[in-house]
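The values are calculated or read from the model by the stated rules, or taken from the named source; none is laboratory data. Bear in mind that the values here come from a model prediction, so they are computed numbers and not experimental data. Cβ placement follows ideal geometry from the backbone for every residue including glycine, while neighbour counts extend to all protein chains displayed. Just so you know, the surface numbers come from the protein's heavy atoms only, side chains and all, with ligands and any DNA or RNA stripped out. Shrake-Rupley method; radii C 1.70, N 1.55, O 1.52, S 1.80 Å.
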Amino acid sequence: MTVRYAIYLMPEPNSALWRFGSSVIGYDAALKRVVDHPRHQAFQEPKALRATEAPRRYGFHGTLKAPFALADGTTEAGLVEHARAFANARARQPGPVLEVAMVDEFVALVSEGDATGQIDRLAADCVREFDPFRGPISEADLLRRLATPLTPRERAHLDRWGYPYVFEDFRFHMSLTGALAHDVRDELLRALQELYAPVRTTLDIDAIAIFKQPDRSSQFHVLERMRFRE
């Protein structure tokens, strides 16, 4: 029943980008409700529901600090207050153009261009800044992470920060599917590229958001989105 939190980068909830990502995964984490999938042939079959099951649990987002339980002596109110101060100390920046692409075995929106480095720096700052709120990784989560081959540096990150893909090993992305079988990979990639084309845009670096998962059987939802200074 452990509550978990995460620090994510998300678009403005009323934006076309947010509606696109939420519809693809079938869940709006700001509204905390199921939403319709796109009206596209690829999404008329059960395999699309299965393909989007993993990101549906987390909501549409780009990870800045991966999910964590609170450390002893910290509170949700303290985390929110700290995040507000963190956001208030930062200025809004134009972000990178996003493109639909394969990332390993899943489809995601990935960042292109010079602004990608700005997200990398924001993620690194979040990893460090919010670590005092992170409780130790559970044994079950540790074993799950270790089931995937890690480099020595990634293993060191996991031990120190509770997540292997940080700093030099971080790659910003916004997942649209989970791992895909080879027989559906090309079809879903093409479909998502077609659906994204009218929406294609930049992702402004203008806020961070705290997402909350009440327990491991629940979906994450937006607890609060904190805007940066104009």
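For the stretch 137-150, 3J(HN,Hα) computed residue by residue from phi via the Karplus equation (6.51, -1.76, 1.60; θ = phi - 60°) reads 5, 6, 4, 5, 5, 4, 5, 5, 5, 6, 5, 9, x, 10 Hz, glycine and proline entered as x.
Residues whose amide H comes within less than 5 Å of that of Y27, counting only those at least five positions distant or on another chain, are V35 (H built at 1.01 Å from N in the peptide plane). Computed across the stretch 1-49, the Kirkwood hydrodynamic radius from all distinct Cα-Cα pairs reaches 12.3 Å.
Of the Cα atoms belonging to the stretch 80-203, the radius of gyration and Dmax stand at 16.9, 47 Å. Accessible surface calculations at 1.4 Å, restricted to protein heavy atoms, place the chain at 50 Å² per residue. Of interest is the spacing of the C-alpha centroids, which for the stretch 187-211 and the stretch 44-80 amounts to 17 Å. Close amide H contacts of R134 (hydrogens built in the peptide plane, cut-off under 5 Å, sequence separation of 5 or more or a different chain): A71.
Please sort by residue number the trypsin sites (Lys or Arg not before Pro) in the stretch 1-46 whose DSSP state is loop and whose Cβ has at most 15 other Cβ atoms within 10 Å. Within the stretch 1-46, the qualifying trypsin sites (Lys or Arg not before Pro) (loop, at most 15 other Cβ atoms within 10 Å) are K32, R39.
Across the stretch 25-31, computed HN-Hα scalar couplings (Karplus, 6.51 cos²θ - 1.76 cosθ + 1.60, θ = phi - 60°) run 7, x, 7, 9, 6, 6, 8 Hz from first to last residue, x flagging Gly and Pro.
Our estimate of slack between R216 and Q44, defined as 0.36 nm per intervening residue step minus the Cα-Cα distance, is 59.1 nm.
Of all lysines in the structure, those lying under 25 Å Cα to Cα from K65, and not within fewer than 8 positions of it along the same chain, are K32, K212.
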